[in-house]
Amino acid sequence: MKCSFKFVLLILLILTQISFAQEKKPKKKHKMMDTVGVVNGTVIRYYDFREQLASTIRDHKLEIKDTIVTDTAFTRFVNMTWDKLVADIIIENELQKRKLSLTTEKTIDRILKDIPKELKETFSDSSGSFNEKALSAYLKNPNPDPKRTKILDYYQILFEQQRLAAAIAPMARTEEERTKRLGLWLKMKVSKAKIDDRRTAFGYY
């Protein structure tokens, strides 16, 4: 049976309109509190994942040529971000379970008890004289300071991980051995964790 020219033209017009409508279909907008993943009951929000991914990319900016992130690099950064967030959740849960978490005040006390080389250099004058009072005043200053918050967060995480490593490997003789044991412990915990990974729904691949 022969189809009329008008009929064929009508079919083509309908197909074109359908295709055009599909192309113009708006992308789903994600809310900041949408769930990207769940690790042992702890939710990873879209906002947190996006912020951590941006931080990961900034930390590896020297690897990015011409300010363009390739698909391969993007996938690697996404995986690095995911692995870090999963590890952070597992470690944080273990710290709370073992009551090894530190407050800001205790973190400051520990810094001042054994002052890191980096902070000594920062609070030393041109002659190399270290000003401990200036460091103490800076760390204990109650006024908001993003840089100071970043410093304290770094040392709090460092000290907490050291405490956890010591608890996991009490017989280890060196810091290197404790760190290695902590890594093995974390790998085991991740393999047994209940993880719901929804990254692909957010365009993270």
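Please treat every number below as a calculation from the coordinates, not as lab data. Model, not experiment: these values are computed from the prediction. For neighbour counting, all protein chains shown are included, and Cβ atoms are generated from backbone atoms with ideal geometry for every residue, glycine included.
Do the sum for the chain: with -39,500 (n - 2.57) for every DSSP H run of n ≥ 4, divided by all residues, what is the mean residue ellipticity at 222 nm, to the nearest 500 deg cm²/dmol? It lands at -20500 deg cm²/dmol. 3J(HN,Hα) couplings calculated from phi for the range 146-162 with the Karplus curve 6.51 cos²θ - 1.76 cosθ + 1.60 (θ = phi - 60°) are, in sequence order, x, 5, 5, 4, 5, 5, 5, 4, 4, 6, 5, 4, 4, 5, 5, 5, 5 Hz; Gly and Pro show x.
Remark: 171, 32 ranked as 171, 32, counting other beta-carbon atoms within 10 Å and listing the fewest first.
With a 10 Å Cβ neighbour count serving as the proxy for reagent exposure, in which order, fewest first, do 81, 35, 174 appear?
Fewest-to-most ranking of 81, 35, 174: 174, 35, 81.
Highest mobility in the GNM of the chain, judged by mean-square fluctuation with C-alpha springs under 10 Å and restricted to 163, 178, 148, is found for 148. Pick from 182, 53, 135: which residue has the top mean-square fluctuation in a GNM of the chain where Cα pairs under 10 Å get a spring? Highest fluctuation among the options: 135.
Of the residues 181, 110, 173, the one that moves most in a GNM of the chain with alpha-carbon contacts below 10 Å is 173. Under a 5 Å amide H cut-off, with hydrogens placed 1.01 Å from N, residue 45 pairs with 36 among residues at least 5 apart or on other chains. A simple spin-label model places pseudo-atoms 7 Å from Cα toward Cβ; at residue 51 and residue 187 they are separated by 3.1 nm. Taking the longest Cα principal axis of the chain as reference, the axis of helix 104-113 is set at about 50 degrees. Taking 0.36 nm per residue of separation and subtracting the Cα-Cα distance, full extension of the segment from residue 166 to residue 132 would add 9.4 nm.
With respect to the chain, whose longest principal axis is taken over its alpha-carbon atoms, helix 175-192 is tilted by about 30°.
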